[in-house]
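S.K.: Here's a structure for you.
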Ligand SMILES: Cc1cc2nc3c(=O)[nH]c(=O)nc-3n(C[C@H](O)[C@H](O)[C@H](O)COP(=O)(O)O)c2cc1C
């Protein structure tokens, strides 16, 4: 049951993935996701060097015999991280799947393919998914406007984006952004996706290696408690609504530049939010789906709950009788 093109192509028990999450997707969480029968991705750039990533992969392997992957996010930067070295670390670690994000993955695709690493490319538009498919990725994960992190600049929510993508995409496709429940999984399958990818929901689990204050904050928050920062810079990011994110939005709206908010958005402050548990300390990433999250379960319970609810929902829907049109 619940076998899809995604589970078959990637060798994963359930059609559920945990997307890469900076500072959050560490070995503890990813191993728990793998042991639960879903596909977890370590965040490569959470590790300070490619060598540290190799060690993190080994640490994760110590905790699971199931397959897991690594997310490699390539965003524009003044001093970009050494992506090629991170790529080599992924290949040499023998990781079977990489989630690429942020940029066209074509410069890295041949090396991954030669190294036997399957590529799931994450993007936020049908045109980028089509481009990725045309260059030969093994699957795509498409983030709707609801998602935590970078939703792109088109503002198309998943309900339209996934349905539209399903018309054109022939490789296995995950729907991402706004998913937390079995009913959500069924809706993604109904729209034509082969599974779901979740960030925020997995962030709010027992094994997620962040401070419990932040998990409690996610449980208490509603779907309206996020902010879109960097809109005027066309590098939009959906983050938790707090004093810092609202100040960033206001400063840029009043004509400020990146330099005016540089200190507020410093990555170190965001990292400290997760580490020390003060949700007002800096910018931290979370999605609108937090409005649907009201507990902090172990990952295995969460995955079983989603799968069970999805199966019951499918059976319930199949039992609906339709009235023939007059
Ligand atoms: C705390 C956090 C950090 C994230 N960091 C990254 C990242 O570094 N790279 C990336 O591709 N996506 C990142 N994402 C996005 C997720 O992989 C996923 O696409 C997104 O969370 C899906 O939306 P959802 O939160 O509504 O499930 C992050 C999400 C969260 C919640």
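The values are calculated or read from the model by the stated rules, or taken from the named source; none is laboratory data. Every value quoted in this text rests on a predicted model; they were computed, and no experiment measured them. For neighbour counting, all protein chains shown are included, and Cβ atoms are generated from backbone atoms with ideal geometry for every residue, glycine included.
S.K.: Mind listing just one residue for me: the one in segment 275-292 that is within 12 Å of the ligand (Cβ to nearest atom) and touching a helix residue (DSSP H, G or I) at 6+ places or on another chain (Cβ under 6 Å) and, of those, farthest from residue 29 (Cα to Cα)?
M.R.: 283
S.K.: I would also like to ask the following. Is it true that residue 244 is within 16 Å of residue 203 (Cβ to Cβ), surrounded by 13 or more Cβ atoms within 10 Å (Cβ to Cβ) and outside the structural domain of residue 183 (by the TED database)?
M.R.: no
S.K.: If residue 288 satisfies all but one of (1) assigned by the TED database to the domain that holds residue 31; (2) in contact with a strand residue (DSSP E or B) (Cβ under 9 Å, 6 or more places away or on another chain), what's the number of the condition it fails?
M.R.: (1)
S.K.: For residues that are touching a residue at least 40 places away in the same chain (Cβ under 8 Å) and either outside the structural domain of residue 89 (by the TED database) or out of contact with any helix residue (DSSP H, G or I) (no Cβ under 9 Å at 6 or more places or on another chain) (or both), tally how many sit in segment 142-165.
M.R.: Here the count works out to 4.
S.K.: Given the criterion at pLDDT 95 or above and either within 16 Å of the ligand (Cβ to nearest atom) or surrounded by fewer than 22 Cβ atoms within 10 Å (Cβ to Cβ) (or both), identify the matching residue among 58, 31.
M.R.: It is 58.
S.K.: Hey, can you tell me all the residues within segment 52-74 that are within 14 Å of residue 32 (Cβ to Cβ) and more than 18 Å from the chain's Cα centre (by Cα)?
M.R.: If the condition is that a residue be within 14 Å of residue 32 (Cβ to Cβ) and more than 18 Å from the chain's Cα centre (by Cα), then 59, 60, 61, 62, 63, 64, 65, 66 are the ones that fit.
S.K.: Only one of (1) more than 16 Å from the ligand (Cβ to nearest atom); (2) exposed (fewer than 14 other Cβ atoms within 10 Å of the Cβ); (3) under 30 Å from residue 14 (Cβ atoms) fails for residue 257. Which number is that?
M.R.: Here residue 257 meets the rest and fails (3).
S.K.: Quick check on my filter: what residues within segment 304-322 are more than 22 Å from residue 216 (Cβ to Cβ) and in contact (Cβ under 8 Å) with a residue 60 or more places away in the chain?
M.R.: Answer for segment 304-322, where residues must be more than 22 Å from residue 216 (Cβ to Cβ) and in contact (Cβ under 8 Å) with a residue 60 or more places away in the chain: 304, 307, 308, 309, 310, 311, 312, 313, 314, 317.
S.K.: Evaluate the following for residue 300: is it away from the ligand (no atom under 16 Å from the Cβ), within 22 Å of residue 212 (Cβ to Cβ) and outside any loop (DSSP other than H, G, I, E, B)?
M.R.: Spelling it out, residue 300 is indeed away from the ligand (no atom under 16 Å from the Cβ), within 22 Å of residue 212 (Cβ to Cβ) and outside any loop (DSSP other than H, G, I, E, B).
S.K.: Tell me the residue from 64, 73 that is touching a strand residue (DSSP E or B) at 6+ places or on another chain (Cβ under 6 Å) and either under 19 Å from residue 143 (Cβ atoms) or surrounded by fewer than 18 Cβ atoms within 10 Å (Cβ to Cβ) (or both), please.
M.R.: Result of the check over 64, 73: 73.
S.K.: Yes or no: segment 311-322 includes at least one residue that is surrounded by 17 or more Cβ atoms within 10 Å (Cβ to Cβ) and touching a strand residue (DSSP E or B) at 6+ places or on another chain (Cβ under 6 Å).
M.R.: no
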